[in-house]
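Participant: This is the structure, below, for whatever I ask next.
The values are calculated or read from the model by the stated rules, or taken from the named source; none is laboratory data. As the structure is a prediction and not an experimental result, all values here were calculated from the model. Here Cβ is always computed from backbone atoms with ideal geometry, including for glycine, and neighbour counts include all displayed protein chains. When the accessible area is computed, the model is the full protein with side chains, heavy atoms only, and any ligands, DNA or RNA have been set aside. Shrake-Rupley method; radii C 1.70, N 1.55, O 1.52, S 1.80 Å.
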Amino acid sequence: MTTLTLSNGRVRGGTTDGIDHYLGIPYAAAPVGELRFALPAVHPGWSGERDATTLGATAPQAAYRGAIAELLPTVQIPGEEFLNVNVWTPSGASGLPVMVWVHGGSFAHGSNALSGYDGTSFARDGVVYVAVNYRVGSEGFSVIDGAPLNLGVADVIAALRWVQLEIAAFGGDPNNVTVFGQSAGSILLSAIVAHADAASLFARAILMSGAPSALAKSDAAKISLLQAKRLGIAATRDDFATISADRLVTAADEVMAGGTPITGGPSFGPAIGEDIVPVDPLKAILGGAGKDIPLLFGSTSEEYRLWFVPSGLIDKISAALFAAARAKFRITGRILKPYRTNRPGASRGELFGALATDILLRLPINRIADARLAIGASTHVYEFTWPSPVQKLGAAHAIELGFVFDGIANQDWARLVGEAAPQQLANDMHRAWVAFAKTGDPGWEPWHARRPVQTFDAPASAVVYSPREGERAAWG
């Protein structure tokens with residue numbers, strides 16, 4: 001056992017093999033009662049010694065639906081104090097770099113309680129690791145009259161302020177904080193990178209499989225309006241507050257059924273407006289916001305396969321749907337040609353997925369890297385290309401997580417990568433993330449005119465210059 005004194009009281013953690021862990025520490029007051037649908041408030045503190053040896057509560061949420069539920073786990077721990085952090089740190093640490101993890105989950109799922117997000121590997125390698133919970137779904141991203149926008153984003157900002165205040169007690173350096181997140185966690189963090197206060201909260205950022213994006217308020221409100229209609233209430237804070245969190249979760253789950261991040265449908269996410277996300281984060285970053293924050297930014301090469309393959313959707317993309325998608329995204333024959341050439345024999349589903357992956361991720365990543373290069377901002381770009389044999393997932397969304405955490409044997413990740421995933425790839429990727437957090441250099445060239453992309457693969461990873469340039473250039 002080990003104890004620390006924080007601003008709000010003393011906490012008692014555990015120690016295993018020279019690594020201390022403190023679990024379920026609240027960074028803000030429980031967002032219930034009068035604080036529900038409100039900005040995060042300061043925790044009132046506690047008397048005596050708080051037990052921090054077990055995981056804390058998780059935000060209200062449903063498990064994943066359908067075939068994807070076999071691949072992406074859900075942990076649900078009841079309790080009101082779900083605005084909490086877990087910390088792993090080497091025993092006796094002092095002045096170490098800090099990494100703060102923000103989970104993904106389509107803004108409706110996920111928590112810091114997944115065993116795959118255990119921070120032992122980072123602490124083992126000389127980093128103080130913090131994993132953050134934030135409000136997801138209706139509690140964090142409703143657009144309703146009388147409530148602030150983007151409460152889930154505000155939660156993460158509050159957690160980062162907590163890190164600045166408290167992390168020295170855990171042996172971390174508040175001036176050397178790297179944030180990293182995947183999918184929705186990356187999108188959320190990119191909104192904070194674009195925020196005026198970003199440089200006061202962290203020094204570097206790693207954005208994994210989630211480009212900056214936010215919806216106009218009217219578009220972001222659609223899911224709240226659909227929930228309200230289903231529940232027979234008005235889309236107001238007063239009415240939503242009368243509905244239990246569990247009922248709101250159920251209503252959202254029903255409204256979102258059938259949609260995916262690739263094909264669309266009602267969903268939660270950041271909304272443009274008010275103080276937390278005042279402008280479109282993509283436009284802000286392209287315009288120079290966050291220029292003093294080094295970025296490590298990338299994706300997997302076949303993001304779409306997580307949603308298309310297990311569900312069978314990959315074989316259900318009709319000629320009419322493909323034509324409609326081409327029209328919506330202005331995919332001309334000139335654009336489509338290099339994709340067909342590079343993928344002889346590809347089905348419509350595979351072509352649709354490759355195009356969608358580039359529209360949502362690869363093209364914005366390149367645009368951002370180019371814009372930052374023009375103003376002298378440091379950007380490193382990667383692509384994860386190793387194909388998982390599980391259900392023919394290939395290099396799908398979320399496949400890289402077990403490698404980043406050097407935890408491919410953990411069952412959270414083994415279900416995605418199988419029982420014989422290459423440890424060398426985990427060594428390479430985890431080492432790069434830690435090196436970036438410590439020095440700002442992950443081990444390959446920063447972005448320049450030749451467009452260097454570190455490709456993570458097995459049996460060897462390597463830098464590739466301008467990968468699939470014909471496809472990228474075809475977009476103009």
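Participant: Applying 1/(1 + (r/R0)^6) with R0 = 25 Å to the Cβ-Cβ distance of Arg330 and Lys283, what FRET efficiency is obtained, to the nearest 0.05?
Facilitator: Efficiency at R0 = 25 Å is approximately 0.85.
Participant: If you don't mind, another one. Could you please state how large a percent of the accessible area of the chain is carbon and sulfur, counting protein chains only and using a 1.4 Å probe?
Facilitator: In the chain, the share of accessible area belonging to carbon and sulfur is 53 percent.
Participant: In a shell of Cβ-Cβ distance under 11 Å around Asn150, excluding Asn150 itself, what net charge do Lys and Arg (+1) and Asp and Glu (-1) give? It would help to have the intermediate numbers written out before the result.
Facilitator: Values: positive: Arg135, Lys217; negative: Asp155, Glu274, Asp275.
Taking every other residue near Asn150 into account, the sum is -1.
Participant: Per residue of the stretch 28-36, what does 6.51 cos²θ - 1.76 cosθ + 1.60 with θ = phi - 60° give for ³J(HN,Hα)? Whole Hz please, x for Gly and Pro, Karplus curve as stated.
Facilitator: 8, 5, 4, x, 10, x, 5, 8, 6
Participant: While we're here: How high is the relative contact order of the chain, in percent, counting Cα pairs under 8 Å that sit 6 or more residues apart? Please list the in-between numbers first.
Facilitator: Numbers: 1022 pairs, mean separation 63.8, N = 476.
Rounded, it is 13 percent for the chain.
Participant: Another question, if that's okay. Of Val143, Ser347, Gly116, which is farthest along the charge dipole of the chain in the positive direction, counting Lys and Arg as +1 and Asp and Glu as -1 at C-beta?
Facilitator: Of the options given, the answer is Ser347.
Participant: Please calculate how many Å² of accessible area the chain carries per residue, with a 1.4 Å probe and no DNA, RNA or ligand atoms counted.
Facilitator: 38 Å²
Participant: Over every pair of different alpha-carbon atoms in the chain, take the mean of 1/r and invert it; report that Kirkwood radius in Å.
Facilitator: So the Kirkwood estimate lands at 22.6 Å.
Participant: What would the Debye equation give as log₁₀ I(q)/I(0) for the stretch 40-198 at q = 0.16, 0.21 Å⁻¹, counting only Cα atoms as equal point scatterers?
Facilitator: Log10 of I(q)/I(0), two decimals: -0.95, -1.54.
Participant: Right, here's the next one. Determine the equivalent ellipsoid of the stretch 227-376 by diagonalising the alpha-carbon gyration tensor, then write out the semi-axes as square roots of 5 times the eigenvalues, largest first, rounded to whole Å.
Facilitator: 32, 27, 13
Participant: Specify the inter-centroid distance of the stretch 239-295 and the stretch 382-434, based on alpha-carbon positions, in whole Å.
Facilitator: Using only Cα atoms to place each centre, the spacing works out to 27 Å.
Participant: Check which residues have an amide H placed less than 5 Å from Arg10's amide H, if you skip close sequence neighbours.
Facilitator: Correct list: Arg50.
Participant: Still on this structure, please answer the following. State to the nearest 20 debye the size of the charge dipole of the chain about its Cα centre, where the only charges are +1 on K and R beta carbons and -1 on D and E beta carbons. Don't jump to the answer; show the numbers that get you there.
Facilitator: On the way: 38 positive and 43 negative charges, 343 e Å.
Result for the chain is approximately 1640 debye, rounded to the nearest 20.
Participant: When only Cα pairs under 8 Å and 6 or more residues apart are kept, what is the percent relative contact order across the stretch 322-431?
Facilitator: Here the relative contact order equals 15 percent.
Participant: Rank by packing, highest mean first: peptides 360-368, 313-321, 68-76, with packing defined as the count of other Cβ atoms within 10 Å averaged across residues. It would help to have the intermediate numbers written out before the result.
Facilitator: Details: 360-368: 20.7, 313-321: 13.3, 68-76: 16.4.
Put in order of decreasing packing, that is 360-368, 68-76, 313-321.
Participant: Further question: Contact order normalised by length for the stretch 1-145, with contacts defined as Cα pairs under 8 Å and 6 or more residues apart; what percent is it?
Facilitator: 25 percent
Participant: Let me ask something else about it. Work out from phi, with θ = phi - 60° and the Karplus expression 6.51 cos²θ - 1.76 cosθ + 1.60, the ³J(HN,Hα) of each residue of the stretch 459-464, listed in order in whole Hz, and give x for Gly and Pro.
Facilitator: With coefficients 6.51, -1.76 and 1.60, one gets x, 8, 9, 7, 7, 10 Hz.
Participant: Further, regarding this structure: For the stretch 142-157 and the stretch 314-381, what is the centre-to-centre distance using only Cα atoms, to the nearest Å?
Facilitator: 32 Å
Participant: So if the hydrodynamic radius of the stretch 378-476 is defined as the Kirkwood radius over C-alpha pairs, what does Stokes-Einstein give as its diffusion coefficient at 4 °C and 1.567 mPa s, in µm² per second?
Facilitator: 90 µm²/s
Participant: For Val100, what residues show an amide H to amide H distance below 5 Å, using hydrogens built from the backbone and excluding near sequence neighbours?
Facilitator: Correct list: Val130, Thr178, Val179, Phe180.
Participant: Only helices at least 20 Å long along their axis, Cα-based, and averaging -0.5 or more on Kyte-Doolittle count here, so list those DSSP H runs from the chain.
Facilitator: Those that clear 20 Å and a mean of -0.5 are 151-166, 423-439.
Participant: Give me the one-decimal nm value for the distance between modelled label points at Ser115 and Ser244, 7 Å along each residue's Cα-to-Cβ direction.
Facilitator: Rounded to a tenth, the inter-label distance reads 2.9 nm.
Participant: List, largest first, the extents of the alpha carbons of the stretch 148-246 along their principal axes, each in whole Å.
Facilitator: 50, 28, 23
Participant: Considering the dipole of the chain built from charges on the beta carbon (Lys and Arg +1, Asp and Glu -1) around the Cα centre, which of His21, Pro446, Ala169 is farthest to its positive end?
Facilitator: The residue sitting farthest along the positive end of the dipole is Pro446.
Participant: Moving to a separate point now. Net charge around Leu83, counting only other residues with Cβ within less than 9 Å of its Cβ (Lys, Arg = +1; Asp, Glu = -1)? Mind dumping the intermediate values first?
Facilitator: Numbers: positive: Arg135; negative: Glu81, Asp155.
Summing Lys/Arg as +1 and Asp/Glu as -1 gives -1.
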